[in-house]
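See below for the structure under consideration.
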Amino acid sequence: MTFTLPPLPYATDALEPFLSKKTVEYHYGKHHAAYIENTNKLIRDTHFKDCKNLEDIVLHSDGNLYNNAAQAWNHDFYWHCFSPKGGGMPNGVLAEKIEKDFGSFDEFKTKFAIAATSLFGSGWIWLVENNDGRLEIFPTANADNPLRFGRNPILVCDVWEHAYYLDKQNRRTEYVNEFWDKIDWDAATARLKNCKAYNCKSCFV
Ligand code: MN
């Protein structure tokens, strides 16, 4: 098999009560695993068959292969957005950028929550960095991935029903409100690329 399910960076119960052990077991062990398995099947008869870099497939494939490869990529990214010791507030460059581009951390959270609760059907709500270094909230439908739109992903919330249905049933808003409780802000900050272009103070200290 070309691609294998990347290890979960914590135990399956480590994000409780935000995500129950059962949710993580199904979401990671069944859904995420199936996207990897499907990607492996679908590349067999294509020019991607020897490709070892999932990102290349996400950037250059289409149709069913793109959907499965992007979902595999998106889920690995999603798990790495959290830490059992996460939560609290961003600091440093990311905190500055959020304040500059959204007004305040609270305004950012409100806008992100509105995007997450109003996205119709399945998809993802991303915090991304543009080429000019500005942050924006970027919703994508189904499997779509911001790399295809030239955006640098910083953070993501999976709003497919499978992400919250076992714990919250139809109450997506509750899931979105608790999303912040386990965010690994240091990992999010480390994903920023263009803070120099942005002229933030932290680049020059
Ligand atoms: Mn998912």
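Values in this text are rule-based calculations from the coordinates and carry no lab data. Computed from a predicted model, the values in this text were never measured in an experiment. Here Cβ is always computed from backbone atoms with ideal geometry, including for glycine, and neighbour counts include all displayed protein chains.
Modelling each spin label as a point 7 Å along the Cα-to-Cβ direction, I'd like the H47/A95 distance in nm, to one decimal.
The answer from the label model is 4.9 nm.
Run the numbers on the chain and let me know its relative contact order in percent, using alpha-carbon pairs under 8 Å that are six or more apart.
Worked out over the chain, it gives 24 percent.
If you add up the charges near E16, with Lys and Arg at +1 and Asp and Glu at -1, over every other residue whose beta carbon is less than 13 angstrom from its beta carbon, what do you get?
Computed value for this residue: -2.
Give me the net charge of S118's neighbourhood, meaning all other residues with Cβ under 13 Å from the Cβ of S118; Lys, Arg count +1, Asp, Glu -1.
Net of charged neighbours comes to +2.
Students often forget the sequence filter, so: which lysines lie under 28 Å Cα-Cα from K22 once same-chain residues fewer than 8 apart are removed?
Qualifying lysines at Cα under 28 Å: K30, K41, K85, K109, K168, K182.
How high is the relative contact order of the stretch 92-190, in percent, counting Cα pairs under 8 Å that sit 6 or more residues apart?
25 percent
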